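Colleague: One structure, as structure tokens, below. Some questions next.
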Amino acid sequence: MPRKPGPRLRQLSAPYPRDAARCEAAGALPFRDLFDGGIAGHVPGAISAPAAANLTDDDYFAYPRTLQRHFTGLGVSKDREVVVFCGSGVSATHNLAALA
């Protein structure tokens, strides 16, 4: 069965669209700077979307419909731009793959 093309991905630098869904992918310590013990910051309006939530109990990507329900529950839709981020980009890339 042919796959539908995924969303068009592009690099977005600040400022990003005000109505974009802002998804923090880092997980349990999303805003902690591990190098100096301080607070790294917070993106206003960001929601917690840990990359680990994209996986099954066996550490495989969840089924596409499961991922769609998960991100829809976080406020992500086809009609809204999405900004995913984390400290280094690794977890954010995982979310990009899950969204595709």
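Colleague: Give the residues of region 60-100 that are part of a helix (DSSP H, G or I) and polar (S, T, N, Q), sorted by residue number. Give the derivation first.
Modeller: Of the residues in region 60-100, the ones part of a helix (DSSP H, G or I) are 64-73, 90-99.
Within region 60-100, Thr66, Gln68, Thr72, Ser91, Thr93, Asn95 meet the criteria.
Colleague: Would you check if there is a residue in region 20-30 being among the acidic types (Asp, Glu), within 16 Å of Asn95 (Cβ to Cβ) and at pLDDT below 90?
Modeller: Filtering region 20-30 for residues among the acidic types (Asp, Glu) gives 24.
Filter once more, so that each one left must be within 16 Å of Asn95 (Cβ to Cβ): 24.
When the remaining residues are screened for being at pLDDT below 90, the result is 24.
Yes, there is a match, as at least one residue in region 20-30 is among the acidic types (Asp, Glu), within 16 Å of Asn95 (Cβ to Cβ) and at pLDDT below 90.
The values are calculated or read from the model by the stated rules, or taken from the named source; none is laboratory data. Everything numeric in this text was worked out from a predicted model, so none of it was measured. So basically every Cβ, Gly included, is an ideal-geometry build from the backbone, and we count neighbours across all protein chains shown.
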